Amino acid sequence: MTQALIPLADGVEEMEAVILIDVLRRAKWTVVTTGIAGEVVTASRGTRLIPDRHWNVLKPMDFDMLVLPGGADGVRALRQFPPIVELVKRFVAENKWVAAVCAGPLILLDAGVLSGRRFTAHPGVFDQLPASGRSSERVVVDGRLVTSRGPGACFEFALRLVSLLDGPDKASALAEAMLVKA
């Protein structure tokens, strides 16, 4: 069973976080959310999220996939938390899955893992990312690096993750059950 780690920080885009958590749990993955500060995360539109575990009690390398939701302030907080950037580097070095949506690819930039790779992100952060490799596709897969544009693409993004790890039949069945156009 796939184990996914989703770090949350104040300012996270709640639609992205919740859609990713929900769809991946429907796929029967073990999904653990982690907070980097405090017991409650206040998302970008004021929604309060309670992480499953605090960062200090995790063994992040035990996970198969790292999923980075967006939200300008949430990503800013994650970028300023050195263990997250280091974790991205380690996951890529060990050929583990890394996924990021919206402004999340800025963390990938900080980790130095975008060079020579194809990726996408929210148009609002495109000017902060390298022009080479940048794509306007809704979801981009480059090896074990998966990126997406923003909240409106999150069902597609989550289902692509399921398809990559569990196969297209499982992703299609989930999409059908949720009435999502795959």
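Points worth noting:
- Selection status of residue 93, over 24 Å from residue 3 (Cα atoms) and open to solvent by 10 Å² or more (accessible area, probe 1.4 Å): no
- Comparison of 110, 127 shows that the only residue that is assigned to a helix (DSSP H, G or I), closer than 27 Å to residue 36 by Cβ and free of Cβ contacts under 8 Å to residues at least 12 places away in the same chain is 127.
- Residue identified as in contact with a Lys or Arg (Cβ under 6 Å, 6 or more places away or on another chain) and surrounded by fewer than 16 Cβ atoms within 10 Å (Cβ to Cβ) among 135, 172, 115: 135
- Qualifying residues in segment 1-23 (those that are open to solvent by 30 Å² or more (accessible area, probe 1.4 Å) and farther than 18 Å from residue 71 by Cβ) - the one modelled with the lowest pLDDT: 1
- Scanning segment 133-182 for residues that are small (Gly, Ala, Ser), more than 15 Å from the chain's Cα centre (by Cα) and closer than 25 Å to residue 93 by Cα yields 133, 135, 143, 163, 167.
- Residue in segment 45-52 that is under 22 Å from residue 153 (Cβ atoms) and polar (S, T, N, Q) present: yes
- Taking the conditions (1) open to solvent by 60 Å² or more (accessible area, probe 1.4 Å); (2) touching a strand residue (DSSP E or B) at 6+ places or on another chain (Cβ under 8 Å); (3) free of Cβ contacts under 8 Å to residues at least 24 places away in the same chain in turn, residue 62 satisfies each one other than (3).
- Criterion (under 16 Å from the mean Cα position of the chain (by Cα), under 26 Å from residue 174 (Cα atoms) and at pLDDT 95 or above) met by exactly one of 31, 85, 92: 31
- Any hit, segment 144-156, residues being closer than 16 Å to residue 118 by Cα, touching a residue at least 40 places away in the same chain (Cβ under 8 Å), not basic (Lys, Arg) and not in a strand (DSSP E or B): no
- Test: residue in segment 24-45 that is part of a helix (DSSP H, G or I) and surrounded by 20 or more Cβ atoms within 10 Å (Cβ to Cβ): yes
The values are calculated or read from the model by the stated rules, or taken from the named source; none is laboratory data. Since the model is a prediction, treat every value here as computed from it, not as a measurement. Positions of Cβ are generated from backbone atoms using ideal geometry, with glycine treated the same way; all protein chains shown enter the neighbour counts. What goes into the accessible areas is simple: the full protein's heavy atoms, side chains included, and nothing from ligands, DNA or RNA. Shrake-Rupley method; radii C 1.70, N 1.55, O 1.52, S 1.80 Å.
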